[in-house]
Structures are given as structure tokens and as C-alpha cells.
1. Angle, helix 287-297 long axis vs. longest principal axis of the chain, Cα atoms, 0 to 90°, nearest 10?
2. Can you list the chymotrypsin sites (Phe, Trp or Tyr not before Pro) in the stretch 397-436 that are in a DSSP coil and have 10 or fewer other beta carbons within 10 angstrom?
3. Do any of K282/K365; K159/K365; K282/K366; K31/K365; K142/K381 go past 21 Å between their Cα atoms, and which?
4. Between W330 and L6, how many nm apart are label points set 7 Å from Cα along the C-beta direction?
5. What does the extension gain come out to for A287 and K47, with contour length at 0.36 nm per residue minus their alpha carbon separation?
6. Could you run the Karplus curve 6.51 cos²θ - 1.76 cosθ + 1.60 with θ = phi - 60° over the stretch 224-237 and give me ³J(HN,Hα) per residue in whole Hz, x for Gly and Pro?
7. Return one number: the angle in degrees, 0 to 90 and rounded to the nearest 10, between the long axis of the Cα atoms of helix 241-252 and the longest principal axis of the Cα atoms of the chain.
8. Per residue, what accessible area does the chain have, given a 1.4 Å probe and all protein chains present, in Å²?
Amino acid sequence: MAIEYLKRGMPEADRAEDDAKVRAVVEATLKDIEARGDSAVHELAVKFDGFDRPSYRLSEEEIADLMAQVAPRDLEDIHFAHDQVVNFARIQRDSMKDVEVETLPGVILGHKNIPVQSVGCYVPGGKFPMVASAHMSVATAKVAGVPRIIACVPPFEGKPNAAVIAAMKIGGADEIYVLGGIQAIGAMALGTETIDPVHLLVGPGNAFVAEAKRQLFGRVGIDLFAGPTETMVIADDTVDAEMCATDLLGQAEHGYNSPAVLVTNSPKLARDTMSEIDRILKILPTAGTAGVSWRDYGEVILCDSYDEMLAVADDIASEHVQVMTDRDDWFLENMTCYGALFLGPRTNVANGDKVIGTNHTLPTKKAGRYTGGLWVGKYLKTHSYQRVTTDEAAAMIGAYGSRLCLLEGFVGHAEQCNLRVRRYGGKNVPYGEAAE
């Protein structure tokens with residue numbers, strides 16, 4: 001393979017050092033929240049959010065007042081995006097069926113899809129008010145049938161953002177808190193004097209939020225590892241540099257550590273895209289953020305062939321993958337590791353982020369190798385059950401079970417089976433011996 005990096009991002013060692021610093025801060029902060037509850041959460045909210053109030057939960061009156069502040073056109077747009085997300089989530093939910101089947105005469109097996117009983121939805125919003133994230137987490141949980149949905153969002157410019165709060169309420173949140181960062185994640189997962197802990201945490205966030213979820217996993221469930229935004233553009237000479245540069249910078253503006261990668265087999269497109277990025281950064285209002293991400297995390301990878309492009313893309317396993325080539329369907333058929341695909345020049349990541357209907361909470365840091373993104377199924381637990389309905393089946397299965405248990409040395413297990421053989425099959429099986 002002849003792969004050439006025309007631009008590389010920050011070395012992995014430097015990224016690992018940054019990750020280690022984040023881990024230490026998160027660990028100490030979560031211990032403080034667990035020990036001191038509301039007091040710790042309040043101090044952290046004042047320190048990091050600059051927001052001080054006796055309770056961070058919004059009352060129904062406050063929510064209604066905030067929703068009244070949203071302009072009619074904005075509210076209409078929020079409803080439209082909500083409807084698209086809910087519609088696709090319902091289609092996905094309908095694809096998940098409970099099953100029950102008689103596998104042998106008198107042996108019935110089944111499974112039920114049961115909603116998680118409480119979920120904490122984190123909606124980023126300190127730097128940009130992420131209205132769309134409320135649809136992705138809250139509304140999808142509602143479609144899944146989660147009985148208790150709580151939502152946290154940091155204040156925006158010193159106060160709750162009306163549009164985000166409206167989206168949370170429209171989505172079906174039962175409790176809404178104006179809390180951000182580690183303090184929000186810790187409060188929802190660990191609980192405090194005034195916040196009951198949840199069973200599952202969902203939603204994207206910055207490196208501190210992602211690390212807090214990682215450290216809490218096991219104590220609560222998490223949707224996936226969804227850290228700083230990643231984007232990749234796979235392109236050939238069927239598209240131009242302006243489109244590639246726009247799609248890369250459009251996601252790099254999320255934060256200072258958002259990787260943006262161009263993978264191409266066109267040397268001209270690669271160099272033209274880098275020049276176009278330089279041009280756009282001179283006029284982009286969010287260049288202060290996007291420019292740092294591009295400088296430290298941007299990459300341009302030149303490949304000889306489409307097979308090489310595919311191999312590179314699967315290795316990186318980027319969160320968002322924009323495919324603009326003469327064989328988009330080929331990439332759809334053959335790519336195996338990514339968050340979500342955006343196929344063709346008419347498609348773009350921003351539509352997926354905000355309105356088109358698929359969920360925008362997606363795996364980062366190579367997690368696309370083992371999980372997909374947030375969807376209605378993440379809120380559902382598939383539980384199996386068994387029922388034996390005839391004496392003949394109890395004796396027959398029991399005999400097999402007894403012999404297999406003793407094969408492994410589990411005498412007590414075998415006796416569970418033998419008891420059924422004796423009781424329902426009329427056979428006298430001595431304790432500790434396998435049923436014939």
C-alpha cells in the first residue's frame with residue numbers, strides 16, 4: 001500500500017497525555033460528588049457553569065416561561081426535527097419484536113424487549129445550544145417507553161437556553177436540570193439528596209463528559225463512548241475542494257479537539273482542499289475553534305486506490321463519514337467500522353446532526369469497531385424466558401441437563417435436573433448420578 005499523509009494531526013502520545021489529565025480530573029470530581037452530593041454539585045456548577053441557584057431543576061412554570069420565549073418559527077422548526085427523529089425511532093422500535101416459540105414439544109422459549117426504567121440524557125450546550133441533542137436522547141427514550149427521563153443541559157450565556165429546554169419538554173423529559181459537565185453526569189448516575197440516580201446515561205459531550213461516562217459504566221449503563229466530534233470525508237475527483245473543505249470545517253467547529261480527516265485518491269483534490277480550508281478559515285465566524293481543531297487534529301491522507309481508501313477509513317473508524325465518490329454504494333456495502341455514513345454530495349453531516357431523522361449520538365475514538373450509535377434499541381433490554389409445559393419434556397430435558405452438568409463437575413446443578421426426572425419422569429435417579 002502506498003499511503004501518504006499530506007497533513008498529520010497531533011501525535012498519539014500527546015493525545016494520550018491529554019486523556020490522562022482528563023481521567024484524573026474526572027476521577028477526583030466523581031468522588032467528591034459521591035461524598036458530598038448536592039453541595040459538591042452546587043460548587044461545581046458555580047465554578048464551571050457560572051450558574052448559582054438553590055435548585056438546578058427547572059419548575060414547570062419556568063419551563064413554560066422559557067418555551068414562551070421561543071419564536072414561533074423556531075418552535076415550528078423544533079417540532080419538525082422532533083417529528084423526523086420520532087418517526088424513524090418508531091420504525092426502528094417496530095422492527096424489534098418479542099418472540100415466543102416452542103422449540104421442542106413442551107419446551108417454550110421467548111424473549112421480551114423491556115425499556116430501561118430510568119435514563120439520564122445529557123445535552124451539550126455551554127458553547128453552542130445543542131437543540132438537536134434533546135431530540136436524539138429524550139425523544140428516542142420516550143419512543144422506547146422509558147418511564148422516567150431526566151435531562152441535563154449547561155446554561156448558555158448565563159441562563160437556560162429556551163430552545164433547548166423547549167426541545168427537551170417536547171421530547172418528553174420528566175425532569176429538566178440546568179447542569180453541565182462532570183457535575184451533571186455524576187449527579188444523574190450517582191444521585192444526590194435531591195436527584196434520584198438513573199439506570200442509563202446517554203448523550204454526547206466533551207472529553208470530560210465522555211470520560212465521566214466511561215468511569216461510571218458498570219455502576220450505570222451508558223449508550224456508547226461519544227466524545228468530541230470526529231468527521232471524515234472520503235472523496236475522489238467527482239467533487240470539488242470547496243465541498244470537501246466545507247464538510248470538514250463544518251464539524252471541526254464543534255470544539256478544539258475535533259478530528260477532521262480527508263481520505264482521497266486525488267492529489268489535486270487533496271492540495272486544493274487544504275488551500276480552500278485556509279481560505280474559509282479567514283472568513284468563518286467559528287474559525288477560532290475550527291482552526292485549532294484543524295491545526296491539531298486535521299489530517300489529509302492520499303491513497304493510490306479505492307481499496308486503500310476503504311482500509312484507511314475502516315482503521316480510523318470515524319464518527320461521521322461523508323462519502324462523495326463515483327462508487328458511494330460500494331463504500332456502503334464494504335465499510336464495516338464507522339458511526340454513520342452520509343452518502344453522496346447532496347447529503348451532509350449537518351442534516352444528520354439536526355433534522356433528517358437518524359440519531360446523531362455516535363461512537364468516537366474507534367468505538368465504531370464494536371458498536372453503532374444511539375438508537376431506540378439502546379433503551380431496551382432483551383430478556384429471555386423459558387417454560388416447560390409437559391412431564392415428558394421436563395424428564396427429557398432433565399436427563400440431558402443432568403449428564404451435561406456432571407460432565408462439568410456440577411453435582412448440585414445435576415441434582416436440579418434429576419429432581420425433575422424423578423418427579424415428572426417416574427425414574428429413580430440416585431443423588432449425584434446422571435439421569436439415563
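The values are calculated or read from the model by the stated rules, or taken from the named source; none is laboratory data. For clarity, every value in this text was computed on a predicted model and none was experimentally measured. For neighbour counting, all protein chains shown are included, and Cβ atoms are generated from backbone atoms with ideal geometry for every residue, glycine included. Ligands, DNA and RNA are excluded from the accessible area calculation, which covers all protein heavy atoms including side chains. Shrake-Rupley method; radii C 1.70, N 1.55, O 1.52, S 1.80 Å.
1. 60
2. Here the sparse-neighbourhood loop sites are Y431.
3. Pairs exceeding 21 Å: K282/K365; K159/K365; K282/K366; K31/K365.
4. With each label point 7 Å from Cα toward Cβ, the separation is 2.0 nm.
5. 83.7 nm
6. Result, rounded to whole Hz: 5, 7, 10, x, x, 4, 10, 9, 9, 10, 9, 9, 10, 7.
7. 60
8. Value for the chain: 47 Å² per residue.
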